[in-house]
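Here the structure is laid out as structure tokens; the discussion comes afterwards.
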């Protein structure tokens, strides 16, 4: 049998038959970068910062994302809004993409849906310093890929009700019920409120 296989080259003919059959099947290879892959809504690409519909910043500088990050690639510097001691914001926000593992823990930890992963997976640069994203660049990324960020939060059930009010509060989001401080006046729930709405709630209390 071994001699017959050597004479008729059955292995070679079998390989040619397989190649010939595949020639008539549609190609499954994407001609990247001319053709881009369609990634699902839950894809974890580059992280971005989101704003409220009125343009105000969602991030309150709580640093929960920094604490949840397993690779320590996030640095948050928070500060109080001038004249509003009850309202905080992220004065500085830094993300080192070279250390990010795209786990999504930061987005899960954020109580106000200020973080969302986009579908951007192309981050090749000639200078590594360009992969140090600051607050301004993260907000630019979020504005440029706002639809992807909202779709990511909805896909992972992390909408606090402000992204898609018809969906309500996601099962995996933080809820802060009113807290009675002992004076009979409960503290209003502030999750998902804009800065103006938060000031109104504090004024009413």
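Every number here is computed from the coordinates shown, using simple stated rules; none is lab data. None of the values given here were measured: they were computed from a predicted structure. Cβ sites come from the backbone with ideal geometry, for glycine too, and all protein chains shown count toward neighbours.
Structure notes:
- Tail fraction, Cα-Cα pairs, the stretch 43-86, threshold 16 Å, whole percent: 53 percent
- Stretched out straight at 0.36 nm per residue, the stretch from residue 129 to residue 81 would grow longer than its current Cα-Cα span by 14.3 nm.
- Extension gain, residue 121 to residue 30, is 31.2 nm, computed as 0.36 nm per intervening residue step minus the present C-alpha separation.
- Cα shape, the stretch 47-171, gyration tensor, a/c 1.5 rule: oblate
- Enclosed volume per residue, in Å³, of the convex hull spanned by Cα atoms of the stretch 74-124: 99 Å³
- Over the stretch 47-171, relative contact order from alpha-carbon pairs under 8 Å, at least 6 apart, %: 27 percent
- Efficiency of FRET between residue 91 and residue 147 - r from beta-carbon atoms, R0 25 angstrom, step 0.05: 0.35
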